[in-house]
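Have a look at the structure below before the remarks.
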Amino acid sequence: MGIELIYQKWSGKINEVTIGSESKAVKIGGQNSLPFLFKEGGLPNRPRIAFEIWDVPPQDWPDELRRPYGGVLEDVIKWAERCQEEYKAEIICVRLLGAHPDLGNKPSAEEARLVELLLQKVAVPLIILGCGDDQKDNELMPVCCQAARGKRCLVGSAVQDNYRTLTAAVLADGHNIIAESPIDINIAKQLNILISDMGLAQDRIVINPTVGALGYGLEYAYSIMERARLAALSGDKMLAMPFICFVGQESWRAKEAKALETEFPQWGPQRERGIIWEAATAVAFLQSGADILVMRHPESVNCVRDYINVNYQDVDS
Amino acid sequence: MFIIGELINGMYREVAEAIKNKDKGVIQRIAKEQVEAGSEALDLNCGPASRDPVGDMVWLVQAVQEATDKILCLDSTKINVIEAGLKVVKNKAIINSTSADKDKLDIIIPLALKYNTGLIGLTLDKKGVPQDKERRLELAAAIVADCQEKGFPLENLYIDPVVLPVNVAQAQLEDTLKVLLEFKIISQPPPKTVMGLSNVSQGTKQRSMINSTFLVMAVAHGLDAAILDPLDKYLMDSLITAELILNKQIYCDSFLQAYRKR
């Protein structure tokens with residue numbers, strides 16, 4: 001007697017969010033099934049990987065992470081072009097760190113010009129992140145949103161204590177928003193309500209649940225995402241948004257990724273460790289429902305891209 | 001919780017008059033109000049004063065489905081009234097209700113199968129409403145067994161333990177709650193459970209408080225569906241909070257609003 005598999009059917013569906021404009025637009029979300037369970041429901045859009053770039057040269061990136069970007073870290077446009085042309089980036093995520101009062105305090109207008117230039121040089125959709133200083137971001141992000149008007153970028157990050165200015169800017173200029181909560185499902189849901197109460201459509205919101213790398217709270221973030229996704233698939237519209245996971249940022253902060261070989265010879269070559277750490281973290285979050293992974297090293301990206309392609313090959317054929 | 005709005009009932013004067021005068025506007029407004037307040041189904045009852053219950057049921061069904069595509073719960077003890085309504089229902093329907101009497105089950109279950117409807121089974125029979133938990137369970141088991149025999153899917157069956165007013169049969173209410181859990185062990189899959197809630201406060205001076213408290217207690221005993229007044233905000237807030245406490249919704253500061261946004 002054959003074993004009959006029991007398939008779960010869900011009443012809810014994740015919102016489909018479109019990032020970018022015209023022919024290069026990318027759609028994420030739209031599924032009514034848990035990740036990779038193709039027989040349980042529709043998974044119309046595969047998870048996407050965004051390359052993270054900065055407007056200032058990163059000071060604390062390990063050598064291995066700097067290596068693939070040799071010669072372009074000082075020039076964000078060239079950096080973006082390398083991601084797009086050489087590493088086949090599908091989405092580019094620019095972090096405007098240079099605007100931070102402690103990291104150069106670049107004027108907002110200068111950053112807005114940079115956004116404009118990026119949009120001219122880069123064909124793939126853009127994620128635009130502020131510098132992380134609330135006060136500066138509230139001045140910076142509206143002008144950057146305006147500079148990218150109509151390009152339907154994904155802009156971040158709105159947090160529970162500071163979401164109004166960004167939401168208003170995103171609403172005015174036709175973008176999507178990243179709603180960030182500190183590994184807290186209750187705040188994630190509340191923030192989605194607050195943002196949608198301001199009039200932004202629910203299919204313009206992407207949740208950043210905040211994640212931890214392998215060994216640094218991955219399981220906790222994983223279970224929060226899983227719980228939110230199960231609730232969304234069961235009909236909770238205020239959690240039915242796609243997830244964005246900042247995997248690169250977390251993985252390359254891990255001691256296992258950064259520590260020198262001379263310090264821990266038993267851990268093997270540093271060259272491989274960071275890549276493995278980032279890829280392993282990313283693949284775990286694919287399983288908990290990540291729709292966009294923001295990553296850093298092209299080799300980890302390749303590895304994760306292969307993983308996605310292998311899992312989607314039956315869908316492709 | 002599957003909410004069946006109870007307000008389209010000829011027992012209410014406004015509804016009775018609208019039925020009499022064939023005033024669709026009134027009925028459609030009440031239908032829409034109940035849907036906006038969270039009803040997934042609407043109970044339709046012509047009321048005791050109707051002189052042409054068959055014609056009135058048909059008219060009610062047609063009027064309401066012009067305003068909403070929610071499930072319609074056709075409420076009558078008369079089989080010909082139910083069938084006349086079913087003939088014109090476009091979407092899904094639930095038959096409200098059958099007793100546990102064999103002769104009635106023999107007619108109603110085939111009708112429910114023919115029109116692919118849900119079915120509410122009351123745990124009462126010709127001898128009346130049971131006085132205790134054991135008899136309610138016995139009657140529920142009889143309905144379940146008959147459904148199984150006739151091939152009616154149990155997930156479409158709602159067993160109603162028959163709620164009596166607190167000022168009439170106070171001693172029975174605890175049993176009425178406890179039996180909800182016992183209905184679940186009659187069969188696999190188990191039947192669903194439903195209550196005609198407002199009856200519990202009939203003739204009392206604190207209707208909303210009694211309805212709300214009883215509903216919260218019933219939810220804690222696993223109640224699946226209720227026929228209630230969805231425009232009673234206190235009642236609905238209590239229900240949403242009870243489901244939150246039972247971990248059926250994810251908490252957020254605006255959980256009442258979040259539930260209503262579903």
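The values are calculated or read from the model by the stated rules, or taken from the named source; none is laboratory data. Being a predicted model, the structure only gives us computed values, none of them experimental. Cβ coordinates were reconstructed from backbone atoms using ideal geometry, including for glycine residues, and neighbour counts include every protein chain displayed. For accessibility, only protein heavy atoms count, side chains too; no ligands or nucleic acids. Shrake-Rupley method; radii C 1.70, N 1.55, O 1.52, S 1.80 Å.
Some observations on this one:
- Listed conditions (1) in a loop (DSSP other than H, G, I, E, B); (2) surrounded by fewer than 24 Cβ atoms within 10 Å (Cβ to Cβ) are all met by A:E110, apart from (1).
Every residue, every condition in (1) open to solvent by less than 10 Å² (accessible area, probe 1.4 Å); (2) part of a helix (DSSP H, G or I), yes or no:
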| residue | (1), (2) |
| --- | --- |
| B:V81 | yes, yes |
| B:N91 | no, no |
| B:L105 | yes, yes |
| B:I109 | yes, yes |
| B:L113 | no, yes |
| B:N116 | no, no |
| B:G121 | yes, no |
| B:E134 | no, yes |
| B:I143 | yes, yes |
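- Here A:V206 passes the criteria (1) more than 13 Å from A:V159 (Cα to Cα); (2) in contact (Cβ under 8 Å) with a residue 40 or more places away in the chain; (3) away from chain B (no Cβ under 13 Å); (4) of a type outside the set (K, R) except the one numbered (1).
- Some residue of segment A:83-106 being within 14 Å of A:G20 (Cα to Cα), out of contact with any strand residue (DSSP E or B) (no Cβ under 7 Å at 6 or more places or on another chain) and at pLDDT 95 or above: no
- Residue match in segment B:121-128 (condition: touching a residue at least 60 places away in the same chain (Cβ under 8 Å) and under 16 Å from the mean Cα position of the chain (by Cα)): yes
- Inspection of segment B:162-174 finds a residue satisfying the criterion of being under 22 Å from B:I107 (Cα atoms) and at pLDDT 95 or above.
- Just one of the listed residues (A:E272, A:E250, A:E219) is touching a residue at least 12 places away in the same chain (Cβ under 8 Å) and either assigned to a helix (DSSP H, G or I) or surrounded by 15 or more Cβ atoms within 10 Å (Cβ to Cβ) (or both), namely A:E250.
- The residues on offer are A:I195, A:I187, A:I177, and the sole one that is within 14 Å of chain B (Cβ to nearest Cβ) and within 16 Å of A:N15 (Cβ to Cβ) is A:I195.
- Candidates in segment A:113-153 are the residues that are within 20 Å of the chain's Cα centre (by Cα) and over 30 Å from A:K27 (Cβ atoms); of these, the one that is least open to solvent (accessible area, probe 1.4 Å) is A:D133.
Residues checked against (1) hydroxyl-bearing (S, T, Y); (2) within 19 Å of the chain's Cα centre (by Cα):
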site: A:S157; (1), (2): yes, yes
site: A:N162; (1), (2): no, no
site: A:L166; (1), (2): no, yes
site: A:M198; (1), (2): no, no
site: A:V206; (1), (2): no, yes
site: A:L218; (1), (2): no, yes
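- Candidates A:Q202, A:Q190, filtered to the one that is surrounded by 21 or more Cβ atoms within 10 Å (Cβ to Cβ) and not charged (D, E, K, R): A:Q190
- Residue match in segment A:120-133 (condition: among the small types (G, A, S) and in contact (Cβ under 8 Å) with a residue 40 or more places away in the chain): yes
- Search result, residues across segment B:30-70 that are open to solvent by 40 Å² or more (accessible area, probe 1.4 Å), farther than 20 Å from B:G196 by Cβ and in contact with a helix residue (DSSP H, G or I) (Cβ under 8 Å, 6 or more places away or on another chain): B:K32, B:V54, B:Q62, B:E66
- Lone unmet requirement of (1) of a type in the set (A, V, I, L, M); (2) within 19 Å of A:D60 (Cα to Cα); (3) open to solvent by less than 30 Å² (accessible area, probe 1.4 Å) for A:L260: (3)
- The single residue among A:L65, A:L37 that is out of contact with any Leu (no Cβ under 6 Å at 6 or more places or on another chain) and open to solvent by less than 10 Å² (accessible area, probe 1.4 Å) turns out to be A:L65.
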